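The values are calculated or read from the model by the stated rules, or taken from the named source; none is laboratory data. In this text the structure is predicted, and so the values were computed from the model without any measurement. Glycine also receives a Cβ, built like all others from the backbone with ideal geometry; neighbour counts cover every protein chain displayed. When the accessible area is computed, the model is the full protein with side chains, heavy atoms only, and any ligands, DNA or RNA have been set aside. Shrake-Rupley method; radii C 1.70, N 1.55, O 1.52, S 1.80 Å.
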Amino acid sequence: MMKTITIKAPDDWHLHLRDGDIARAVIGDTCRQFRRALIMPNLEKPITTVSDAILYQNRIKNLQPHPNFTLFMTLYLTDKLSVEDVYEVGKNDDVLAIKWYPKGVTTNSCNGIAHSSLIKDDVLDAIVKNNIVLCVHGESSLPGLDPFDREKIFLEDELKPLQKRFPKIKVVLEHITTRQAVEYVMQTPNTAATITAHHLAFDRRDLLDRRIRPHLYCLPIMKRWDDRKALIEAAISGSPKFFLGTDSAPHTSDNKESSCGCAGCYTAAHAIELYASIFDTHGNMDKLEYFSSIAGANFYGHNTNKESLIIEPEEWTVPEAITLSNMKKIVPLCAGKTFLWKARMVLI
C-alpha cells in the first residue's frame, strides 16, 4: 500500500529558466517542488561574467513566488573567460559553477569551446585553486558523429584527457544518458553526475517508435533501454556520485512541434512526482531523499535544506499546456498523464 513519505526539501542542480515571459511562467513550478536550484547560463546572450550572473539572478528573484527560494548561478565557459573572472566566481557565494558547452552541441551553445584541448590551462588551474565545480555538457561536437555515440566519444576523447591534466578538478557530468557515463563517473575521482527524470523514465523507443514525439526530444538524446537501466541503478544506488538535476528546459510548442524542433523537456511542473514514481516502481523510495536532497548538496559543499517536502498518494493529471502572456504555450513532458504521487512543500 502506498504511504505518505516526508523528505528534506530537494534541490535541482541543473535547471533552465530562460528569461522574460517564459521565466515568469515556469519559476512557480520550480518553487513548488524545490528549495534551491542551479541555473544554467546558456541564454541567447550567455552569462559570461559574475556581474551578468547577478543581474540575471535579480531578474529571476523579481519573478519568484517564494522569497526563501535560493538561486545559485553559473558562468558560461567561453574562450574569453579569464583567470580574473574565475577568481571573481571564487569570491561570490551565489555563483557556484562554470559550465562548459562544447560548441554547437545544444541550445545556445554556439559560444562554447569545441574541444577540451582548447580550454586554457591557466583557467582550469584557477578553477581548481578556487574549488569551483566545472559542470560539463558531455557530448562531442565533432562533425559527422552518430548522435547516439556523442556522449561515450566525449568521455574518452575529451573529458578523460582533461581530468588527467587536472586530476583535482571537481566535475559534474550533466544529464548523463549512457552506461559508459555511469561507469566513468564511478571510476573517476572528484566526479559526480546529474540524472534527469526523463532519462530515467523514457528511452529512444519512446521517442522514435513508429512516430516521432517531439516533447521527448532532448540533448543528449535518449539512448537504449540498457543505458536507461544503468541510470536507474545509479540513481537508486545511494551513491554520493549521482544526484538530481532535472535539466528542465522550456520551449514554446511552436518551437518544439516544428520541422526543426528544439531540444529540451519541460519537467519542472512534476519532476519530483516523476522521480518518485520511478523510485517507487523499483522499490527504492527510501533512497529518494538522498538522491534528491542530500548527495548534490554534499558535493557542492552546502548544508541540506531545513524545509521538508511531503510526497503523498494522490491522483492528479499533468496539465496539457501552460499558456504564456503572449498566448504561446509550453507543453510539459507527460502532458495529460495521471500521476499517483503528489508533492507538497512544508514552508518555514
Which one of these is within 26 Å of ASN305 (Cβ to Cβ), open to solvent by 50 Å² or more (accessible area, probe 1.4 Å) and of a type in the set (S, T, N, Q): ASN92, ASN68?
-> ASN68
When you look at ASP157, is it free of Cβ contacts under 8 Å to residues at least 12 places away in the same chain, open to solvent by 10 Å² or more (accessible area, probe 1.4 Å) and not aliphatic (A, V, I, L, M), yes or no?
-> no
Identify the residue in region 276-296 that is touching a residue at least 12 places away in the same chain (Cβ under 8 Å) and over 14 Å from GLY238 (Cα atoms) and, among all such residues, is surrounded by the most Cβ atoms within 10 Å (Cβ to Cβ).
-> ALA276
Looking at LEU38, LEU81, which one is among the hydrophobic types (A, V, I, L, M, F, W, C), at pLDDT 95 or above and under 15 Å from the mean Cα position of the chain (by Cα)?
-> LEU38
PHE299: among the hydrophobic types (A, V, I, L, M, F, W, C) and open to solvent by less than 20 Å² (accessible area, probe 1.4 Å), yes or no?
-> no
Is it the case that ARG213 is in contact with a Lys or Arg (Cβ under 9 Å, 6 or more places away or on another chain) and at pLDDT 95 or above?
-> no
Check on ASN111, surrounded by fewer than 19 Cβ atoms within 10 Å (Cβ to Cβ), within 23 Å of LEU15 (Cβ to Cβ) and touching a Ser or Thr at 6+ places or on another chain (Cβ under 7 Å) = yes
Residue satisfying condition, being part of a helix (DSSP H, G or I), open to solvent by less than 60 Å² (accessible area, probe 1.4 Å) and free of Cβ contacts under 8 Å to residues at least 40 places away in the same chain, within set GLN163, GLN180 | GLN163
Residue in region 186-207 that is least open to solvent (accessible area, probe 1.4 Å), counting only those that are farther than 22 Å from SER248 by Cβ and assigned to a helix (DSSP H, G or I) = MET186
Mind listing just one residue for me: the one in region 230-280 that is of a type in the set (A, V, I, L, M), touching a strand residue (DSSP E or B) at 6+ places or on another chain (Cβ under 8 Å) and assigned to a loop (DSSP other than H, G, I, E, B) and, of those, nearest to ASN42 (Cα to Cα)?
-> ALA249
Inter-residue pairs, beta-carbon under 8 Å, first part of a loop (DSSP other than H, G, I, E, B) and modelled with pLDDT under 95 and in region 63-76, second open to solvent by less than 10 Å² (accessible area, probe 1.4 Å) and of a type in the set (A, V, I, L, M), 6+ apart | LEU63/ALA23; LEU63/ILE27; GLN64/ILE27; GLN64/LEU71; PRO65/ILE27; PHE69/ALA37
Enumeration of residues in region 281-321 that are closer than 18 Å to PHE339 by Cα and assigned to a strand (DSSP E or B) = LEU309, ILE310, ILE311, GLU312, PRO313, GLU314, GLU315, TRP316, THR317
If we scan region 32-43, do we find a residue that is open to solvent by 10 Å² or more (accessible area, probe 1.4 Å), under 29 Å from ILE310 (Cα atoms), part of a helix (DSSP H, G or I) and in contact (Cβ under 8 Å) with a residue 40 or more places away in the chain?
-> yes
Among (1) free of Cβ contacts under 8 Å to residues at least 60 places away in the same chain; (2) open to solvent by less than 50 Å² (accessible area, probe 1.4 Å) - the single one PRO46 does not satisfy = (1)
Which numbered condition trips up ILE348, out of (1) modelled with pLDDT of 95 or more; (2) of a type outside the set (Ser, Thr, Tyr); (3) open to solvent by 40 Å² or more (accessible area, probe 1.4 Å)?
-> (1)
Specify the residue that is farthest from ARG24 (Cα to Cα); the eligible residues are those in region 298-326 that are in contact with a helix residue (DSSP H, G or I) (Cβ under 9 Å, 6 or more places away or on another chain) and of a type in the set (Ser, Thr, Tyr).
-> THR304
Selection within region 117-131 - open to solvent by less than 10 Å² (accessible area, probe 1.4 Å) and either acidic (Asp, Glu) or closer than 14 Å to LYS168 by Cβ (or both) = LEU124, ALA126, ILE127
Tell me which of these GLY28 doesn't satisfy, since it passes every other one: (1) more than 30 Å from ILE113 (Cα to Cα); (2) modelled with pLDDT of 95 or more; (3) open to solvent by 10 Å² or more (accessible area, probe 1.4 Å).
-> (2)
